[in-house]
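Engineer: If you scroll down you'll find the structure; I have some questions about it.
The values are calculated or read from the model by the stated rules, or taken from the named source; none is laboratory data. Keep in mind that this is a model prediction, so the values were computed, not measured. Cβ atoms come from the backbone with ideal geometry, glycine included; neighbour counts cover every protein chain shown.
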Amino acid sequence: MRVDPETYAHLCRTAAAVAEPLHAAFLRLGPIALPPAGHASVAERLFLEVVNQQLSTRAALAIWGRIEAAAAERGCAVRALFAADPAGEAALRLRACGVSGNKVRALQAIQAADEAGLLGADLAALPHGERSRRLCAIRGVGPWTADMVGIFHFLDPDIWPVGDVAAVGSLRRLAGCTDTLPVAAAFAPYRSLLARYMWLSRDTPA
């Protein structure tokens, strides 16, 4: 699925009213693809986002690959490695994969929250603010992670991830602004699409 023509035209008009470089970026990228959610559950998306935190894409992929290999070696699902165990063997295996101690504890907290029924289908019906408050109550889950889950798992169309360096930096550069919140507000109710365009503009320079 791609951004529909009417929404794309609205985004282009909004960008043109902000700054020509921003408008040019939208024109260059055209109606972008909107992939479906790639994970079967909120917990699985959270696992990935926690591992990805503060890492380059290459480093995160390498660590996740080692986690998958460790799970395959034990003949279990990846999430089985995130269950807390009294002996601490699971934590040691994850540390050997390159996962920090804080992230190990966060992964275990997410697994525990899922087992307690706190990451069920009801989250989809909540507005992003309330959903974020629930997610951020889990150890290791912060606003950035909640924003990524909202954008990529729940496909919420109107989230501006203020803590994302890449999206914020791209908008500052293209719009010639320092405070991105007022600029992003002009794109409501499609601020998630603005973020997606900003990420793509950085990754596919003219």
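Engineer: Can you find a residue in region 31-47 that is over 19 Å from the mean Cα position of the chain (by Cα) and modelled with pLDDT of 90 or more?
Structural biologist: yes
Engineer: Can you give me the number of residues within region 66-91 that are more than 24 Å from residue 142 (Cα to Cα) and in a helix (DSSP H, G or I)?
Structural biologist: 9
Engineer: Here's a follow-up. Could you say which residue among 6, 44 is without any contact (Cβ under 8 Å) to a residue 24 or more places away in the chain, in a helix (DSSP H, G or I) and among the acidic types (Asp, Glu)? Explain how you work it out, then say what you get.
Structural biologist: Values: 44 fails: without any contact (Cβ under 8 Å) to a residue 24 or more places away in the chain.
Exactly one of 6, 44 is without any contact (Cβ under 8 Å) to a residue 24 or more places away in the chain, in a helix (DSSP H, G or I) and among the acidic types (Asp, Glu), namely 6.
Residue-by-condition table, conditions (1) out of contact with any Pro (no Cβ under 8 Å at 6 or more places or on another chain); (2) over 21 Å from residue 147 (Cα atoms):
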residue	(1), (2)
31	no, yes
42	yes, no
49	yes, no
53	yes, no
78	yes, yes
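Engineer: Here is a check on your reading of the model: is residue 185 out of contact with any Asp or Glu (no Cβ under 7 Å at 6 or more places or on another chain), modelled with pLDDT of 95 or more, over 20 Å from residue 53 (Cα atoms) and surrounded by fewer than 13 Cβ atoms within 10 Å (Cβ to Cβ)?
Structural biologist: In short, yes.
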